[in-house]
Amino acid sequence: MTEEIYRTLLLNSADAVIVTDKAGLITTVNPSFSRLIGAEEKDLLGQPLSSFIDMSNQEENAAGKHPIPPAEPAPDDELEPRPVTVLTRAGSEFVMPAAQFPINQKNGDGKNCSHLTIVYVIQANSLQQAQTEFVSTVSHELRTPLTSIKGFADTILRAGDRLDVNQQRRYVGIIKDQADRLTRLVEDILAVSRLESKKLQLTIRAIDIKEAIERVIQNLSDKGKNHKLLVQVPAGLTPVWGDSDRLEQILTNLIDNAIKYSPAGTTVTVTAKGIQGDPELVEFSVSDQGVGIPEEHIPQVFSKFGRLDNPLVRQTEGTGLGLYITRSLVLALGGQISVSSQPGNTTFTVKLPASTLEQQAARGRD
Ligand code: ADP
């Protein structure tokens, strides 16, 4: 009975399942794997799995380690799906998530045993779909400013002499604003692509958070000239152990949003402090007295192009990528980000690793 359940599951699973012996040769495949590779079961059995799946990660490939030895088992705590390259019979290559599990493991030795490999086809398809949706949203977002640039440039060209100087200046002003918007969009899209391809270069050192906050506030002083910007950082706070450019980018995005989404005349407060009972983390938060984010929309604000529909958002410029980038940067620095919000008060809180005295002594302070 149990065997029948497993066989039915294997035969009907949309994910591809392969069993290999300790030499890395295929002993069992399910129909989904045959479909994926474009070969019949009989042509797959007995072949090395490494002819069809390159289990090494992409960075190692780039470093010239391709192809890898067969069935290198992951340590137990690394059984998370990771990207692998699937090579089909027709010669196409796909990067898909897969995981490999030791089976028939004797004496706890993960190397000399059989393996069960799962290629997560469903997840790969939804990643592909997300990518297609991203491209289509990006194209739409790029087209809006482009249409406006083209429209106003055409008008100036066609009706140039009939436009008075003020009209001409206004139209050129619109073209410039839209070109600036395009630049911001392209920069944000590049930042997303760098983050997603894990090509982010980090320079980690101890950073004085008070100085970082003050630098960011200085840079945003023009945007924040109608707000009261308050900084509260206790003297002698442990430095953050991170990358100072990325930390300033995180602070800039959060403070810029706090200013954008709260009315003129209100206060934006940036606080930093240690965390009681957890000397390994430093916390900072950015609070505003603005429109707030309804609880059910909180997950949306961290997603790509996740702009909410409310009057203040409609009035403000934004790409909807800022918080997605911010969250990815916080995670890349080994931190966490959360938000609590109600009308009249929104607080974004970020926790980042604190630097130890040894790290400060070894690497120097910023
Ligand atoms: P952008 O500001 O470019 O639209 P973000 O990713 O930075 O994009 O923010 C996504 C959305 O989250 C914003 O469009 C806005 O709806 C909401 N949001 C972000 N910060 C705040 C805030 N401090 N108060 C209220 N809403 C906010």
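Remarks
- Filter pass, THR183 being within 16 Å of the ligand (Cβ to nearest atom), of a type in the set (S, T, N, Q) and under 20 Å from GLY318 (Cα atoms): yes
- Taking the conditions (1) surrounded by fewer than 16 Cβ atoms within 10 Å (Cβ to Cβ); (2) away from the ligand (no atom under 16 Å from the Cβ); (3) of a type outside the set (A, V, I, L, M) in turn, LYS223 satisfies each one other than (2).
- Which numbered condition PRO353 fails, given (1) within 13 Å of the ligand (Cβ to nearest atom); (2) surrounded by 15 or more Cβ atoms within 10 Å (Cβ to Cβ): (1)
- Selection within the stretch 317-328: residues that are of a type outside the set (Gly, Ala, Ser) and part of a loop (DSSP other than H, G, I, E, B). The member of this set that is surrounded by the most Cβ atoms within 10 Å (Cβ to Cβ) is LEU321.
- The residue that is nearest to the ligand (Cβ to nearest atom), counting only those in the stretch 282-299 that are touching a residue at least 12 places away in the same chain (Cβ under 8 Å) and acidic (Asp, Glu), is ASP288.
- Residues that are hydrophobic (A, V, I, L, M, F, W, C), surrounded by 13 or more Cβ atoms within 10 Å (Cβ to Cβ) and part of a helix (DSSP H, G or I), drawn from the stretch 173-207: ILE174, ILE175, ALA179, LEU182, LEU185, VAL186, ILE189, ALA191, VAL192, LEU195
- Long-range neighbours under 6 Å by Cβ, at least six apart or interchain, first residue within 24 Å of ASP180 (Cα to Cα) within the stretch 147-164, second of a type in the set (Val, Ile, Thr): ILE149/ILE175; PHE152/ILE174; PHE152/ILE175
- Odd one out for ALA258 among (1) more than 7 Å from the ligand (Cβ to nearest atom); (2) in contact (Cβ under 8 Å) with a residue 60 or more places away in the chain; (3) not in a strand (DSSP E or B); (4) not acidic (Asp, Glu): (1)
- Qualifying residues in the stretch 261-281 (those that are more than 9 Å from the ligand (Cβ to nearest atom) and small (Gly, Ala, Ser)) - the one farthest from THR316 (Cα to Cα): GLY277
- Being modelled with pLDDT of 90 or more, part of a helix (DSSP H, G or I) and not hydroxyl-bearing (Ser, Thr, Tyr) holds for only one residue in ILE149, ILE118, and it is ILE149.
- Total residues in the stretch 291-316, condition assigned to a loop (DSSP other than H, G, I, E, B), farther than 26 Å from LEU333 by Cβ and at pLDDT 85 or above: 3
- Looking only at the stretch 356-366, and only at residues there that are among the polar types (S, T, N, Q) and either assigned to a helix (DSSP H, G or I) or at pLDDT 95 or above (or both), the one that is surrounded by the fewest Cβ atoms within 10 Å (Cβ to Cβ): GLN360
- Residues (more than 8 Å from the ligand (Cβ to nearest atom) and under 17 Å from LEU195 (Cα atoms)) located in the stretch 306-342: ARG327, SER328, LEU329, VAL330, LEU331, ALA332, LEU333, GLY334, GLY335, GLN336, ILE337
The values are calculated or read from the model by the stated rules, or taken from the named source; none is laboratory data. Quick caveat, the model's predicted, so the values are computed rather than measured. Neighbour counts are summed over all protein chains in view; Cβ atoms, including those assigned to glycine, are modelled from backbone coordinates with ideal geometry.
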